1. I'd like to compare 16-26, 57-67: which one has the highest average count of other Cβ atoms within 10 Å, and what's the full order after that?
2. Helix-only mean residue ellipticity at 222 nm, the chain, DSSP H runs n ≥ 4 weighted -39,500 (n - 2.57), per residue, nearest 500. What is it?
3. Asn35's amide H: which non-local residues (gap 5+, or another chain) put their own amide H closer than 5 Å, with H modeled 1.01 Å from N in plane and none for Pro or chain starts?
4. So, counting K/R as plus one and D/E as minus one, what does the shell of residues with Cβ under 12 Å around His57 add up to?
5. Each residue of the range 15-26 in turn: what ³J(HN,Hα) in whole Hz from Karplus with 6.51, -1.76, 1.60 and θ = phi - 60°, glycine and Pro shown as x?
6. Residue by residue, what Karplus-based ³J(HN,Hα) values in Hz, rounded to whole numbers, does the range 43-57 have, using 6.51, -1.76 and 1.60 with θ = phi - 60° and x for Gly and Pro?
7. Counting only Cα, what are the radius of gyration and maximum Cα-Cα distance Dmax of the chain, in Å?
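Readers should treat all values here as calculations from the given coordinates under stated rules, not as data from a laboratory. The structure presented is a predicted model; accordingly, all values stated were derived computationally and were not measured. Backbone-built Cβ (ideal geometry, glycine too); neighbour counts: all protein chains shown.
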Amino acid sequence: MNSILAKIEELITEPMKGLDITVDSVTWEVEGKYNYLKIVLDREIPLDIDTIVEATHIINPILDEHDLIKDEYILDISSKERG
């Protein structure tokens, strides 16, 4: 799974640069009977919900096109928490 997650990060990093966003992490988590592909984004200016939605509209088609994960999963895209 780690090689798939690395490939996903590679595929989405360049498109996110167009929004001045960096990909902080891409992880796979199983919680109960659900699989989650969790992508955490970051940038200098805090990310708002509209920007996360815009990023999701870019990331989702990339994931669909490359179809790297055969299992069903929930895509969870969020911003990095700041302390």
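1. By packing density, highest mean first, the sequence is 16-26, 57-67.
2. For the chain, the value works out to -13500 deg cm²/dmol.
3. Ile74
4. Numbers: positive: none; negative: Asp50, Glu54, Asp64.
Neighbour charge sum, excluding His57 itself: -3.
5. x, 6, 4, x, 9, 6, 10, 10, 8, 6, 7, 10
6. Using θ = phi - 60°, the values come out as 6, 4, 8, x, 6, 9, 4, 5, 5, 5, 4, 4, 4, 4, 5 Hz.
7. Looking at the chain, its Cα Rg and Dmax stand at 12.4, 36 Å.
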